[in-house]
1. When you go through 109, 118, 145, 136 one by one, which is the residue that is under 28 Å from residue 21 (Cβ atoms), modelled with pLDDT of 70 or more and either in a helix (DSSP H, G or I) or out of contact with any strand residue (DSSP E or B) (no Cβ under 7 Å at 6 or more places or on another chain) (or both)?
2. Go through (1) surrounded by fewer than 16 Cβ atoms within 10 Å (Cβ to Cβ); (2) within 16 Å of the chain's Cα centre (by Cα); (3) within 30 Å of residue 196 (Cβ to Cβ); (4) in contact (Cβ under 8 Å) with a residue 12 or more places away in the chain one by one and return the number of the condition residue 91 breaks.
3. Kindly evaluate residue 156 against the criterion of being crowded, with 20+ Cβ neighbours inside 10 Å and at pLDDT 90 or above.
4. Could you count how many residues in the range 74-83 are assigned to a helix (DSSP H, G or I) and more than 14 Å from residue 131 (Cβ to Cβ)?
5. Which of the residues belonging to the range 176-189 are in contact with a helix residue (DSSP H, G or I) (Cβ under 7 Å, 6 or more places away or on another chain) and either farther than 20 Å from residue 98 by Cβ or surrounded by fewer than 16 Cβ atoms within 10 Å (Cβ to Cβ) (or both)?
6. Report yes if some residue within the range 160-171 is closer than 19 Å to residue 79 by Cβ, touching a helix residue (DSSP H, G or I) at 6+ places or on another chain (Cβ under 6 Å) and without any contact (Cβ under 8 Å) to a residue 24 or more places away in the chain; otherwise report no.
């Protein structure tokens with residue numbers, strides 16, 4: 001890794017730590033330089049403003065999450081097994097420390113900059129990257145019967161967010177592996193009760 005890339009990563013790591021603990025507005029460039037073990041000039045050479053830093057942190061998270069594998073519909077496998085795997089991967093992402101740290105920073109910023117809410121909502125993270133095509137293929141194969149695929153895709157993801165992401169983010173409850181398995185099972189069962197064709 002080039003020295004300039006190393007310093008950039010140090011700055012991003014420091015910013016993520018400080019933004020998470022103190023908030024973007026209450027973090028100074030001097031504190032960032034000290035935490036990153038670089039000069040203030042080096043910070044400004046990479047990022048002219050804290051807003052640029054914040055955007056870079058978000059982009060880094062998006063890039064990491066976009067590298068996760070996609071699940072494509074397989075007509076040879078039971079649909080409930082495939083939906084369970086999708087939900088399992090999504091819950092793993094939503095409950096991960098890395099995702100929750102950046103999400104907390106983003107939510108604090110959204111309160112001050114509402115336009116960021118649309119950016120976050122439009123970002124294709126986790127199974128949102130492929131869920132609609134998966135459901136379309138499942139419908140074509142006759143495994144599911146869905147009239148509004150975009151709505152059903154959101155319905156599936158938002159169930160998991162409601163029970164896993166938000167309670168964890170706001171410290172409302174500490175979830176165990178057993179709790180998460182129960183959430184996944186119920187989410188899949190409810191989805192199939194609505195969208196699996198009647199025999």
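The values are calculated or read from the model by the stated rules, or taken from the named source; none is laboratory data. Keep in mind that this is a model prediction, so the values were computed, not measured. Methodologically, a virtual Cβ is constructed for each residue, glycine included, from the backbone with ideal geometry; neighbour enumeration extends over all protein chains shown.
1. Within the list 109, 118, 145, 136, the selection yields 109.
2. (1)
3. yes
4. Selection size over the range 74-83: 2.
5. Correct list: 183, 184, 187, 188.
6. no
Each row is one residue, and each column tells you yes or no for (1) closer than 19 Å to residue 161 by Cβ; (2) modelled with pLDDT of 90 or more; (3) surrounded by fewer than 17 Cβ atoms within 10 Å (Cβ to Cβ).
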site: 18; (1), (2), (3): no, no, no
site: 22; (1), (2), (3): no, no, yes
site: 30; (1), (2), (3): no, no, yes
site: 53; (1), (2), (3): no, no, no
site: 66; (1), (2), (3): yes, no, yes
site: 76; (1), (2), (3): no, yes, yes
site: 80; (1), (2), (3): no, yes, yes
site: 105; (1), (2), (3): yes, no, no
